[in-house]
Amino acid sequence: HVYRADPIDLGPDSLLWRWAGDNRLSFTGLSAGILQLMHPGLGAGVVQHSAFFTEPWDRIIRSLPEILGVVYDGPEAETTGHRVRDYHRRIKGVDDQGRRYSALAPETFWWAHATFQFAVEGVVDRFDPHRLRDDEREQLYREGIEWYRRYGVSMRPVPATRGEFGEVWDRTCTDVLEMTAAAERAVDM
């Protein structure tokens, strides 16, 4: 089933607004990056189309403000999201095992977003004195769906609830992720 997300406000009163731009996100960012690179399509795309391995910090510093702008740019947030999406239009090809990939394949694009969603939740769980109640965890997840919706990519892979997200997360980690050449290089760095 395709999740139908009606737009919601991500203003200063939202939980995502509170934590997505938190500087402590850098503590969870490395694991999010490795999880992205372990996805076969993402890993191949980074190796074949990105300057990540020649200028990793510059690449991160160029990307994060716009990714976070999809949360914080107010009335321009959706425009920012579409611009981020459009940067990925030409990122496609064949990986080193002969599998076709596209950065805009919904499951691939969603996985990149899911790692950011997971990282933001990790900031709260690991470094914030606030303990998320179940309803707040669900709210934070719904706000993450809005973050993803603003990219204008298919909603097909988006789990409807935080519980379903956990199931898809676990299944992806078990059945999809692998030690790609990109992930191996990143770990060696």
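Nothing in this text is a laboratory measurement; each read-out follows from the coordinates by a stated rule. Small disclaimer: the values here were computed from a predicted structure and weren't measured. Here the Cβ is made from the backbone with ideal geometry for all residues, glycine too, and neighbour counts use every protein chain on show.
List of remarks:
- Rounded to the nearest 0.05, the FRET efficiency derived from the C-beta distance between GLU66 and ASP13 at R0 = 30 Å is 0.85.
- Volume per residue for the chain equals 118 cubic angstrom (convex hull of Cα atoms).
- Spacing of the two label points (7 Å from each Cα toward its C-beta) at ASP188 and ARG24, in nm: 3.5 nm
- Mean-position separation - Cα centroids, region 120-184 and region 8-39, in angstrom: 10 Å
- Peptides 69-76, 111-118, 160-167, 7-14 ordered by average Cβ neighbours within 10 Å, highest first: 111-118, 69-76, 160-167, 7-14
- Put a dot 7 Å past the Cα of HIS49, heading toward its Cβ, do the same for GLU164, and the two dots end up 2.8 nm apart.
- Taking Cα centre as origin and charging only the Cβ of basic (Lys, Arg, +1) and acidic (Asp, Glu, -1) residues, the dipole magnitude of region 1-153 rounds to 560 debye.
- Averaged over residues, the count of other Cβ atoms within 10 Å places the peptides 126-132, 28-34 in the sequence 28-34, 126-132, highest first.
- Kirkwood hydrodynamic radius of region 125-189, from the reciprocal of the average inverse Cα-Cα distance over all distinct pairs: 14.3 Å.
- Classified by the C-alpha gyration tensor, region 1-65 has an oblate form. Its axis ratio a/c, with a ≥ b ≥ c, is 1.5 or above, and a/b does not exceed b/c.
- Here is how the number arises for the chain: DSSP H runs of 4 or more residues each give -39500 (n - 2.57), the sum is divided by the residue count, and the result at 222 nm is -19500 deg cm²/dmol.
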